[in-house]
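Trainee: Sharing a structure below in structure tokens format, with a few things to ask.
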Amino acid sequence: MTIDLQNTNIFTKNIKKDYKFKKKQFIDRVIQINRVTKVTKGGKTLSFRAVVAVGNENGIAGIGVAKAADVSTAVKKAKTNGLKKMIHIPITKFLSIPHSVKGKHGACNVIMRPSNEGSGVIAGGAVRILLEVAGIKNIIAKQLGASNLLNNARSALFALEKLVTKSDVSKSRDIL
């Protein structure tokens, strides 16, 4: 019985080490850093807002936003915020998306279409950064409406969240 307890303790230690390793495999790319001032009774207080895209380049991505007194702290806080708001994105064997999709957030619209193998990421600004972090290599995306980087990134994330695979649709319709 004591041998079993020792084995389980060793097993739990290995899981914790493996979990720390998995957490480090996420990469982060800064989308935008803004200088923000707040007017108070004593004067103006200066802070920085960071927008960061976080992903593992294998179909998992998220966007984090945070404010702090200095840039490095704002980026770290935004990364942890992005890790909390991750979504799973279905990717085809050609490293593209399964079907065309549209996303909207605020006044920003994003249209995404799957592309042929070898065409690369044809997108601009925040959408390109998000798609690269997510691991999508062949896609065409177009931003319409406002040019706000945060809203464009969020509308792209909402569009990617709408993606479904053929197997998901067959399960929802009870088709064998």
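Trainee: Counting only C-alpha contacts under 8 Å and six or more residues apart, can you give the relative contact order of the chain as a whole percent?
Mentor: On the way: 363 pairs, mean separation 32.9, N = 176.
Relative contact order comes out at 19 percent.
Trainee: Note down the relative contact order for the stretch 117-172 as a percent, whole number, built from C-alpha pairs under 8 angstrom at least six residues apart. Could you put the intermediate results ahead of the total?
Mentor: Numbers: 42 pairs, mean separation 18.1, N = 56.
Relative contact order comes out at 32 percent.
Trainee: Rounded to the nearest 500, what is the chain's calculated 222 nm mean residue ellipticity when only DSSP H runs of at least 4 contribute -39500 (n - 2.57) each, over all residues? Display every interim value, and only then the final one.
Mentor: Numbers: 5 runs with 67 residues, N = 176.
When only DSSP H runs of four or more count, the value is -12000 deg cm²/dmol.
Trainee: Another question, if that's okay. Using a/c under 1.5 as the rounded threshold, could you call the stretch 88-176 rounded, prolate or oblate? The axes a ≥ b ≥ c are square roots of the C-alpha gyration tensor eigenvalues, and prolate needs a/b larger than b/c, oblate otherwise.
Mentor: Oblate is the answer for the stretch 88-176, as a/c is 1.5 or above yet b/c matches or exceeds a/b.
Trainee: Let me ask another. Roughly what % antiparallel, to the nearest 5, for the DSSP beta bridges in the chain?
Mentor: 95 percent
Trainee: Among the listed pairs K77/K166; K38/K102; K76/K166; K93/K162; K67/K93; K76/K102, which have their C-alpha atoms separated by more than 28 angstrom in this model?
Mentor: Pairs exceeding 28 Å: K77/K166; K38/K102; K76/K166; K67/K93; K76/K102.
Trainee: Rounded to the nearest 0.05, what FRET efficiency do A69 and L144 give with R0 = 30 Å and r taken as the Cβ-Cβ distance? Could you check?
Mentor: Using R0 = 30 Å, I get an efficiency of 0.25.
Trainee: Further question on the same structure: Report the full-extension gain for the segment S172 to M86: residue separation times 0.36 nm, less the Cα-Cα distance, to one decimal in nm.
Mentor: Details: separation 86, 0.36 × 86 = 30.96 nm, distance 2.31 nm.
Here the segment from S172 to M86 would lengthen by 28.6 nm.
Trainee: Next question, about the same structure. What is the extension gain from V164 to H99, computed as 0.36 nm multiplied by their sequence separation minus the C-alpha to C-alpha distance, in nm to one decimal?
Mentor: Full extension of this stretch gives 22.6 nm more.
Trainee: Which entry in (i) 1.15; (ii) 1.29; (iii) 1.39 is this structure's computed Cα Rg over 2.2 N^0.38 Å?
Mentor: It is the one labelled (ii).
Trainee: Using the Karplus curve 6.51 cos²θ - 1.76 cosθ + 1.60 with θ = phi - 60°, work out ³J(HN,Hα) for each residue of the stretch 102-114 in order, rounded to whole Hz, and write x for Gly and Pro.
Mentor: Result, rounded to whole Hz: 10, x, 9, 8, x, 9, 9, 10, 10, 10, 10, 10, x.
Rule-based calculations on the coordinates, nothing more; no lab input. Computed from a predicted model, the values in this text were never measured in an experiment. Methodologically, a virtual Cβ is constructed for each residue, glycine included, from the backbone with ideal geometry; neighbour enumeration extends over all protein chains shown.
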